[in-house]
Amino acid sequence: MRPAALFLTLACSATLGAQELTESTYEKIRDRVLPSADELRWTAVDWRASFWDGVVEAQKTDKPILLWAMNGHPLACT
Amino acid sequence: MQELAKQFVACADEVYHLQTVTGPEAELFRKVAEQGHYGGRTKPTSTRQGIYACAPNGAFLASINTTDAAAMAGMMEKALAKWKELKPEDRLMKEPPAADPVDRTRWEKLFPADGLVLKDFSRDLPREKPGADAWADAWNLDFAWFRKVEARSFLPETIVEGALHAVPRELVLRLARLHFVDNVRGQTYPWKEAEIAWAEMATVVDEVKDGRARIRFAGKTKAVAVGKWRVNGFDPNADDQKRGFEAKILGSATWDLAKERFVEFELVAAGPRWGGTQYNGRATDLEEAPMAHLLRLAGDTPAEHVAPASIWGYGWK
């Protein structure tokens, strides 16, 4: 499909359901997907993004390491 | 819990990577994990996922795999008590470890610092007949990476108002195959290229002003897979299945002409999904229902440098 046709067919379909992505439903769908502050509370912990980053820092500061290790990176897609 | 956490250096990582690659980081993890809650386990899987407390030299303190806050706090308290009993020579490495040893295996070494890094949120959209589903508000997060030359190719070669541009198929395929997946409730597989029915995206330049180009995106993707696979975790039965996601794409972005990078970027891909995979939590939710992805610029904290879940599918070296 030519670029101009994509804009015409996708941006202007106004008679579809409430969950259909159009320019008029865009903000509502975006805001639904965006996590709330409460859902992001876990980010308040100062996570290092790898085990080794934790090891280097813990050796430097003489502190124990707390490692969260999951199938799928816990700071991303798990 | 957060007060307890402050007494540790907190870190997070991908366990399959740590269990399977070579290098000092993975070797140290395996030494710790084999003393933990899943040490030696092979069934139902050999995963070592969970939360571990250890000393910098790998001395094991405690571990658990739980979502229960009280149990988690108990593990952390036990670990701190054990830590206090250890002499420095029993908890620290003899020499400070190198910050990034050459033999350390990390996808993050490919991080496109001068390119485009996006957060990719996913969530189900409200349904016409909502049920009492504990997963109704589930969401997930991934990252999408584009190198500098790829980021530039979201725009037409000559950036002038009104210019229309077809985004290169390679980039739309990356989004369609590796990012527009049903990971809302858990990990899933990316799509094979042969499973992509269509993947198109276009850009129009709305305005060029004060050194910046304001653009809009529109596009559509559809992925469909049919076959025999598991959809219910450890249930060994593999039945005839189908899964798919048909998305419409809209969005906008701002390109800084001097810096040659996006300073704003937002893209929504929404539409019906159906079916499930072994670990994506859809065993009782296989019927068609709406889902959306939202991609936005990531920040620059270490936690936002995590590699995309399917980075191996990028073909990057």
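The values are calculated or read from the model by the stated rules, or taken from the named source; none is laboratory data. Computed from a predicted model, the values in this text were never measured in an experiment. Note that each Cβ is placed from the backbone with ideal geometry, even for glycine, and that neighbours are counted across all protein chains shown. Keep in mind that these areas ignore ligands, DNA and RNA; they rest on the heavy atoms of the full protein, side chains included. Shrake-Rupley method; radii C 1.70, N 1.55, O 1.52, S 1.80 Å.
Quickly run through the range A:24-42 and pick out the residues that are at pLDDT below 95 and either in contact with a helix residue (DSSP H, G or I) (Cβ under 7 Å, 6 or more places away or on another chain) or buried (at least 17 other Cβ atoms within 10 Å of the Cβ) (or both).
None - no residue of the range A:24-42 is at pLDDT below 95 and either in contact with a helix residue (DSSP H, G or I) (Cβ under 7 Å, 6 or more places away or on another chain) or buried (at least 17 other Cβ atoms within 10 Å of the Cβ) (or both), so the list stays empty.
Can you name the residue in the range B:79-137 that is in a helix (DSSP H, G or I) and of a type in the set (A, V, I, L, M) and, of all such residues, is surrounded by the most Cβ atoms within 10 Å (Cβ to Cβ)?
Step by step, filter the range B:79-137, then rank; the result is B:Ala79.
Do we find that B:Ala269 is touching a helix residue (DSSP H, G or I) at 6+ places or on another chain (Cβ under 6 Å), within 14 Å of chain A (Cβ to nearest Cβ) and either within 19 Å of B:Leu125 (Cβ to Cβ) or surrounded by 21 or more Cβ atoms within 10 Å (Cβ to Cβ) (or both) in this structure? Give the derivation first.
Details: touching a helix residue (DSSP H, G or I) at 6+ places or on another chain (Cβ under 6 Å): no; within 14 Å of chain A (Cβ to nearest Cβ): yes; either within 19 Å of B:Leu125 (Cβ to Cβ) or surrounded by 21 or more Cβ atoms within 10 Å (Cβ to Cβ) (or both): yes.
So B:Ala269 fails the test.
Conditions tested, residue by residue: (1) under 21 Å from B:His293 (Cβ atoms); (2) hydroxyl-bearing (Ser, Thr, Tyr); (3) within 7 Å of chain B (Cβ to nearest Cβ).
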{"site": "A:Thr25", "(1), (2), (3)": "yes, yes, no"}
{"site": "A:Lys28", "(1), (2), (3)": "yes, no, no"}
{"site": "A:Ala44", "(1), (2), (3)": "no, no, yes"}
{"site": "A:Val56", "(1), (2), (3)": "no, no, yes"}
{"site": "A:Gln59", "(1), (2), (3)": "no, no, yes"}
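Out of the residues in the range B:231-249 that are in a strand (DSSP E or B) and open to solvent by 10 Å² or more (accessible area, probe 1.4 Å), which is farthest from B:Thr47 (Cα to Cα)?
Taking the range B:231-249 first, the residues in a strand (DSSP E or B) are B:239-249.
Add one more test, that the residue is open to solvent by 10 Å² or more (accessible area, probe 1.4 Å), and what stays is B:239-243, B:246, B:248.
Details: B:Asp239: 24, B:Asp240: 27, B:Gln241: 26, B:Lys242: 27, B:Arg243: 26, B:Glu246: 33, B:Lys248: 36 Å.
Looking at the filtered set, the residue picked out is B:Lys248.
Of all residues in the range B:5-20, which are open to solvent by 30 Å² or more (accessible area, probe 1.4 Å) and either part of a helix (DSSP H, G or I) or farther than 17 Å from A:Arg48 by Cα (or both)? Explain how you work it out, then say what you get.
So in the range B:5-20, the residues open to solvent by 30 Å² or more (accessible area, probe 1.4 Å) come out as B:6-7, B:14, B:16, B:19-20.
Hits for the range B:5-20 are B:Tyr16, B:Gln19, B:Thr20.
Among the residues of the range B:295-317, write down those that are closer than 13 Å to B:Trp145 by Cα, not in a loop (DSSP other than H, G, I, E, B) and not charged (D, E, K, R).
Result: B:Leu295, B:Leu297, B:His305, B:Ile311, B:Trp312, B:Gly313, B:Tyr314.
How many residues, within the range B:64-82, are in contact with a helix residue (DSSP H, G or I) (Cβ under 7 Å, 6 or more places away or on another chain) and either at the interface with chain A (Cβ under 9 Å from one of its Cβ atoms) or basic (Lys, Arg) (or both)?
Of the residues in the range B:64-82, 1 are in contact with a helix residue (DSSP H, G or I) (Cβ under 7 Å, 6 or more places away or on another chain) and either at the interface with chain A (Cβ under 9 Å from one of its Cβ atoms) or basic (Lys, Arg) (or both).
Just checking, how many residues over the range B:130-156 are within 13 Å of chain A (Cβ to nearest Cβ) and farther than 23 Å from A:Leu34 by Cβ?
2
Across the range A:36-78, what is the total count of residues that are of a type outside the set (A, V, I, L, M), farther than 22 Å from B:Ser310 by Cα and under 19 Å from the mean Cα position of the chain (by Cα)?
Final tally of qualifying residues: 7.
Kindly provide the set of residues from the range B:272-294 that are at the interface with chain A (Cβ under 10 Å from one of its Cβ atoms) and either assigned to a loop (DSSP other than H, G, I, E, B) or more than 18 Å from B:Thr188 (Cα to Cα) (or both), ordered by number.
Let us first name the residues in the range B:272-294 that are at the interface with chain A (Cβ under 10 Å from one of its Cβ atoms), namely B:272, B:279, B:289-294.
Correct list: B:Tyr279 only.
Quick one: which residue in B:Ala202, B:Ala309, B:Ala218, B:Ala253 is under 20 Å from the mean Cα position of the chain (by Cα) and either open to solvent by 20 Å² or more (accessible area, probe 1.4 Å) or under 26 Å from A:Tyr26 (Cα atoms) (or both)? Don't jump to the end; show me each part of the working.
Working: B:Ala202 fails: under 20 Å from the mean Cα position of the chain (by Cα); B:Ala218 fails: under 20 Å from the mean Cα position of the chain (by Cα); B:Ala253 fails: under 20 Å from the mean Cα position of the chain (by Cα).
Step by step, each of B:Ala202, B:Ala309, B:Ala218, B:Ala253 is checked, and only B:Ala309 is under 20 Å from the mean Cα position of the chain (by Cα) and either open to solvent by 20 Å² or more (accessible area, probe 1.4 Å) or under 26 Å from A:Tyr26 (Cα atoms) (or both).
Taking the range B:189-230 on its own, how many of its residues are modelled with pLDDT of 95 or more and assigned to a loop (DSSP other than H, G, I, E, B)?
So the answer is 5.
In the range B:49-61, what count of residues is obtained for those that are in a loop (DSSP other than H, G, I, E, B) and open to solvent by 20 Å² or more (accessible area, probe 1.4 Å)?
Within the range B:49-61, the subset in a loop (DSSP other than H, G, I, E, B) is B:49, B:55-59.
Adding the requirement that they be open to solvent by 20 Å² or more (accessible area, probe 1.4 Å) leaves B:49, B:57, B:59.
Matching residues across the range B:49-61 total 3.
Out of B:Arg261, B:Arg169, B:Arg212, I need the residue that is in contact with a Gly (Cβ under 9 Å, 6 or more places away or on another chain), open to solvent by 20 Å² or more (accessible area, probe 1.4 Å) and closer than 24 Å to B:Leu294 by Cβ. Which one? Walk me through it before giving the result.
Working: B:Arg169 fails: in contact with a Gly (Cβ under 9 Å, 6 or more places away or on another chain); B:Arg212 fails: in contact with a Gly (Cβ under 9 Å, 6 or more places away or on another chain).
One residue alone meets the criteria, B:Arg261.
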